Each structure stands twice: as C-alpha cells, then as structure tokens.
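Down below is the structure, laid out as structure tokens.
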Ligand SMILES: [Zn+2]
C-alpha cells in the first residue's frame, strides 16, 4: 500500500520514527511551504520508503516569491520528489487573497509542466474556480490528483475527463459522507488513490485521534466495501495506480 498524501512535520509527531516504522508500505509526504518542503526532502533522503511532493499550499500563497520559486525548481530535480503539491485554492477562511492564490496556483502548474511532474491539488470551497484553471491550463497534459476529493459525483465526472485521479482518505469512513461514498462507487478503481492526509482526517474507528499513514488500511477496507470487491484488489490496484502516476519504481 502507498499512502499517497500525508504530512509528517516534527511539530505534529514527537515519535516520528515510530510513526514511519508503523507504516507497512510507502508514503508520499506533502510540503505546504518552504520549511515543510525542506523537511520533505530530508525525509526522502533518510527513509527508503518515503517519497515527497513539494509546493506552496494556497494558505501560504503570499509567501511564494521569485526566490521561493527558484528554490522549488532546484528541489524538483531531486529524484525522490515525485510531484508538485499540494497546490490549489482554498476560500474557506475568506476570499481576500483569491487573486494571489490563483496566480500562485497557475505558476506552480506551469512549473510542474516544465519539469514534467504530476500535480496534487488542494481545493476547498473553491471547486468551480479550481476546475476552470485546471481546464484552461490543460491539466490533462500531465498526471494529476484531486487530493481529499470532496465535491459531487457530477463534478468528479468532469475531473475524470481531464484525466485526473482522486485521492480518497478517512472522510470516506465517516457516517455523514454519502456524497463521497457515491463518488467512490461511481469512479473506476483505476482512478482512485489511497491517502490519509495525516495528521488530519483520521478514519473511523479512530476518528478524533491523531492520524498516521498506517491508518490508510481503513480507507482501503471502506473502498472495498463500497465497491463490493476484496480489500486485496483495492490495495493492489491503488498501489499500481500510484506507482504509475508518480513513477515510483516499487512494483
Ligand atoms: Zn494535505
């Protein structure tokens, strides 16, 4: 199994070594700003089973200066940095800096295209603008993922047409997530990736505690139940999907 999206910041885990050992499989750790991007590169170098993605999350869009962009470009040459992410739009806490968010999102999509890397997208309360930008900038040219997908099945069809994959996490195990369950039932297994978004969004039955990559198995179990197939099939296909998309040479 591969947890295709987690955050392993030292501030969140005193026992990081143990958390990494707990995971029976690989992890793709996500950066959100300069500090976490640098930490991701270090983790990739220290642990065989860790790969990384780097980028500026919309919350930190205003920190994305020309200097940061150059640093990001140099980090993208690292062989274990497999994607640009997480990048996108987040209007949850207000729309004041919408224009900055959009500009930084577009700049990073263009970077990914320049370096031929997949992109991993964060979109919160901004699905229409996210779609417009992805369509306009031809996201179908490179592999891409809607991380922690939370919109409708109808929207999912549109993203699928742009050749995008869907990161499915702990939310799918929640009682009140019927919309996401419908997406999982309708989308082909070939378009799904497993993720935890640790330390957030802990799946049932551990909701309320701090999440960790090893919990990705509960997401696999729920997807198997929803699609009425075996957990082994889910694990095998989603691992294959992730290896292919991120060019991870483990299968
Ligand atoms: Zn994330």
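The values are calculated or read from the model by the stated rules, or taken from the named source; none is laboratory data. If you're wondering where the values come from, they're calculated on a predicted model, not measured in any experiment. As a convention, Cβ positions derive from the backbone with ideal geometry for all residues, glycine included, and neighbour counts pool all protein chains shown.
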**OP:** For residue 215, state whether it is within 16 Å of the ligand (Cβ to nearest atom) and either farther than 28 Å from residue 139 by Cα or assigned to a loop (DSSP other than H, G, I, E, B) (or both).
**Re:** yes
Subject >> Residue ranges of helices (runs of 4 or more DSSP H) in region 84-194 with at least 3 members touching a helix residue (DSSP H, G or I) at 6+ places or on another chain (Cβ under 8 Å), farther than 25 Å from residue 236 by Cα and away from the ligand (no atom under 16 Å from the Cβ) >> reply: 98-115, 127-136
Original post:
What are the residues in region 171-226 that are at positive phi, more than 16 Å from the chain's Cα centre (by Cα) and at pLDDT 95 or above, if any?
Top reply: none
Subject >> Residue list for region 169-185, restricted to those being within 16 Å of residue 228 (Cβ to Cβ) and surrounded by 14 or more Cβ atoms within 10 Å (Cβ to Cβ) >> reply: 172, 181, 182, 183, 184
Original post:
Name the residues in region 1-39 that are within 12 Å of the ligand (Cβ to nearest atom), within 19 Å of residue 246 (Cβ to Cβ) and over 14 Å from the mean Cα position of the chain (by Cα), would you?
Top reply: 36
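Here is a yes/no grid of residues against (1) closer than 23 Å to residue 28 by Cβ; (2) crowded, with 21+ Cβ neighbours inside 10 Å:
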| residue | (1), (2) |
| --- | --- |
| 130 | yes, yes |
| 135 | no, no |
| 139 | yes, yes |
| 147 | yes, yes |
| 151 | yes, no |
| 155 | no, no |
| 163 | yes, no |
Subject >> Test result for residue 56, over 17 Å from the mean Cα position of the chain (by Cα) and touching a residue at least 12 places away in the same chain (Cβ under 8 Å) >> reply: no
**OP:** Report, by residue number, each residue of region 219-251 that is touching a residue at least 12 places away in the same chain (Cβ under 8 Å), within 16 Å of residue 118 (Cα to Cα) and touching a helix residue (DSSP H, G or I) at 6+ places or on another chain (Cβ under 8 Å).
**Re:** 241, 248
Original post:
When you go through (1) more than 13 Å from the ligand (Cβ to nearest atom); (2) outside any helix (DSSP H, G or I) one by one for residue 74, which number turns out not to apply?
Top reply: (2)
Original post:
Among (1) over 25 Å from residue 164 (Cβ atoms); (2) at pLDDT 95 or above; (3) outside any helix (DSSP H, G or I), where does residue 20 come up short?
Top reply: (3)
**OP:** Assess whether residue 53 counts as being within 16 Å of the ligand (Cβ to nearest atom), in contact with a helix residue (DSSP H, G or I) (Cβ under 6 Å, 6 or more places away or on another chain) and either within 22 Å of residue 220 (Cβ to Cβ) or at pLDDT below 95 (or both).
**Re:** no
Subject >> Residue list for region 55-71, filter: out of contact with any strand residue (DSSP E or B) (no Cβ under 7 Å at 6 or more places or on another chain) and assigned to a helix (DSSP H, G or I) >> reply: 60, 61, 62, 63, 66, 67, 68, 69, 70, 71
